[in-house]
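Accompanying notes for the structure given below.
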Amino acid sequence: MTGQERSEEKSECVSLSPMMEAVPAPPESERVCVFGTGDLGRSLGLRLLQAGYGVVFGSRRPHSRSSLLPHGAQVLGHAAAAQSAHLIFIAVQREHYDFLVPLANQLKGKVLVDLSNNLRKNQYPEANAEYLQSLVPGAEVVKGFNTLSAWSLQNGPSDANRQVYICGESVEAKQAVIAVATKLGFSALDQGFLSVARELEDFPLQLFPQWRLPLRISIGLSAAFFFYLLIRYVIYAYVTQGEDISFRIMVSLANQVCPIVSLIMLSLCYLPGVLASFLQLYRGTKYRRFPNWLDRWMLCRKQLGLLSLGFAFLHVLYTLIIPIRYSVMFWVTEHTVSVIRENRTTMFDTTTAWHDDSYLSLGILGFGLYVLLGITSLPSVINALSWREFSFVQSKLGHLTLLLCTAHTYLYGWNRFLSSSTYKWYTPPGYMLCLVLPSVVLLLKLLLITPCVDRTITRIRQGWERGADQRNPKDSQPLIP
Ligand code: NAP
């Protein structure tokens, strides 16, 4: 360090701790530097201080920033701050990175952690971290921490987001960053070389990538069934009887669309697994890739399931408010009054009572299991389950849920399946249409669990290949005795 730089450091140095003079400065390995005193810089600095690091901020205006920074940190000019630590976090927007060029000498051999993100994908020809490396070739650039937000850093170690992704060319530099991340309470995942930086920079810009297809399916199904039921229900009543029941759109129609979409989406959640099993049976091996569409479908099963749970939940809510609806209360009162006025006697019908109770009970049990499936898809719950427990809940109980909800819908239809008045304008009601897919899935699943098919599929999943016995006599031992 030249004498001029030393005097610059002395004049620029702003200690934020009244005890700073008395407390000896931590060694360089325990000191980290943060360039930039903005939102992320300040939050990161605070977290570093809490973890026991000495923090030196590098700022364009160290004097005016001192009051904003966490208690115990130092703030210096960039050049002086760079010399005080081996590891420097760059919490500055990429557009301003050229301020680092004149600091090339001070940054030689230092580890620069690029925290930057962009406003949109492919905003620049190269990744920000690669750009930083090209500006300061003598430093070791590591991309990392950019998937955290200033807010989550401030929340402290209790925040749920505990993973940070890093990449870079130098193993030592990455180890230094991993050590800091670990001390801050994060688990750092090394993603490889700096060429991966663009991917890491795209992470925060993702907009529900795995939810897109399930969301489109649910919106498409809801819209299609809404219009279908509107025609069969409201428009049909108006055209054939001149009756205006448009008020039923808000609750009755919605309460028909929700269970229909829910049941179809639940079937769509289990259909790809069944199709994959049949494909493996047909091919006689598990060592061939599934077609891309099936792969994509399988990857969004969790989202399909959660959306279907959402629709089921709405169905439950709509059903619970039925007794307090004005139209329902009106008709119940009307009916009671007319029975009294006409002195009519109505008989209790045990068959109807059995039907009603069974229908409701299957719905309640199905919904209970639905909720269980939803809970066991939460990452924290998945981590607490063994693979066998998880597959028991998601596969066995999942198919049971589908069975219960399908049976609930069949019971809802009950004797209306055979009544010609059900088929208004020769069209089947929505609940009949929605039974097609779950019935197919359940039938296919039933085929798969028959002992002879199940034995073959289990062997295939354990590595057995049809035809391999002829190809290699050593493989002739069955995998399952
Ligand atoms: P910010 O609040 O705008 O702060 C940026 C800091 O950069 C300023 O406080 C300033 O510090 C410094 N700076 C501004 N212009 C400069 C220039 N021309 N030359 C040198 N330094 C300059 O931004 P931020 O939200 O902290 O974000 C910083 C970086 O982290 C960005 O690249 C962002 O994409 C990334 N990031 C932010 C978050 C977040 O939650 N905020 C999360 C992940 C990643 P001085 O005035 O002290 O020099």
Considering residues of segment 285-312 that are touching a Gly at 6+ places or on another chain (Cβ under 9 Å) and farther than 12 Å from Met265 by Cα only, the residue surrounded by the fewest Cβ atoms within 10 Å (Cβ to Cβ): Tyr287
If I ask for residues that are within 8 Å of the ligand (Cβ to nearest atom) and in contact with a helix residue (DSSP H, G or I) (Cβ under 6 Å, 6 or more places away or on another chain), which ones from segment 58-74 would you list? Gly58, Ser59, Pro62
Leading residue by the ranking (surrounded by the fewest Cβ atoms within 10 Å (Cβ to Cβ)) among those in segment 116-156 that are in contact (Cβ under 8 Å) with a residue 60 or more places away in the chain and in a helix (DSSP H, G or I): Trp151
Inside segment 413-466, can you point out the residues that are open to solvent by 80 Å² or more (accessible area, probe 1.4 Å) and within 18 Å of Leu266 (Cα to Cα)? Val436, Leu443, Leu446
Filtering segment 339-370 down to residues that are loosely packed, with under 13 Cβ neighbours inside 10 Å and either aromatic (Phe, Trp, Tyr) or assigned to a loop (DSSP other than H, G, I, E, B) (or both) yields Glu342, Asn343, Arg344, Thr345, Thr346, Met347, Phe348, Asp349, Trp354
Applying the selection to segment 244-260, what residues are part of a helix (DSSP H, G or I) and in contact (Cβ under 8 Å) with a residue 60 or more places away in the chain? Phe247, Arg248, Ala254, Asn255, Gln256, Val257, Cys258, Pro259, Ile260
Is at least one residue of segment 182-198 among the hydroxyl-bearing types (Ser, Thr, Tyr), crowded, with 16+ Cβ neighbours inside 10 Å, at pLDDT below 95 and not in a helix (DSSP H, G or I)? no
Qualifying position, being within 9 Å of the ligand (Cβ to nearest atom), crowded, with 23+ Cβ neighbours inside 10 Å, modelled with pLDDT of 95 or more and outside any helix (DSSP H, G or I), among Val92, Val34, Val113: Val92
Enumerate the pairs (first residue in segment 369-387 and under 13 Å from Leu306 (Cα atoms); second residue anywhere and of a type in the set (D, E, K, R)) with beta-carbon separation below 7 Å, excluding pairs fewer than 6 apart on the same chain, so at least 6 apart or on different chains. Ser377/Lys302
Just for segment 210-232: of the residues that are free of Cβ contacts under 8 Å to residues at least 24 places away in the same chain and open to solvent by less than 70 Å² (accessible area, probe 1.4 Å), which one is nearest to the ligand (Cβ to nearest atom)? Gly220
Taking only pairs six or more apart or across chains, which ones have beta-carbon atoms under 6 Å, a first residue in segment 45-68 that is under 19 Å from Ala80 (Cα atoms) and open to solvent by 40 Å² or more (accessible area, probe 1.4 Å), and a second residue that is hydrophobic (A, V, I, L, M, F, W, C) and near the ligand (Cβ under 9 Å from one of its atoms)? Arg65/Val75
Got at least one residue in segment 75-83 being away from the ligand (no atom under 11 Å from the Cβ), at pLDDT 90 or above and in a strand (DSSP E or B)? no
Working only within segment 38-57, note down all residues that are more than 9 Å from the ligand (Cβ to nearest atom) and in a strand (DSSP E or B). Gly54, Val55, Val56
Which one is farthest from Leu153 (Cα to Cα) among residues in segment 83-111 that are small (Gly, Ala, Ser) and in contact with a strand residue (DSSP E or B) (Cβ under 6 Å, 6 or more places away or on another chain)? Ser84
Could you count how many residues in segment 173-193 are touching a Lys or Arg at 6+ places or on another chain (Cβ under 6 Å) and on the phi > 0 side of the Ramachandran plot? 0
Within segment 158-172, can one find any residue that is among the hydroxyl-bearing types (Ser, Thr, Tyr), modelled with pLDDT under 90, more than 14 Å from the ligand (Cβ to nearest atom) and within 27 Å of the chain's Cα centre (by Cα)? yes
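The values are calculated or read from the model by the stated rules, or taken from the named source; none is laboratory data. As the structure is a prediction and not an experimental result, all values here were calculated from the model. FYI the Cβ positions are ideal-geometry reconstructions off the backbone, even for glycines, and counts take in every protein chain you see. The accessibility values were calculated without ligands, DNA or RNA, using every heavy atom of the protein model including side chains. Shrake-Rupley method; radii C 1.70, N 1.55, O 1.52, S 1.80 Å.
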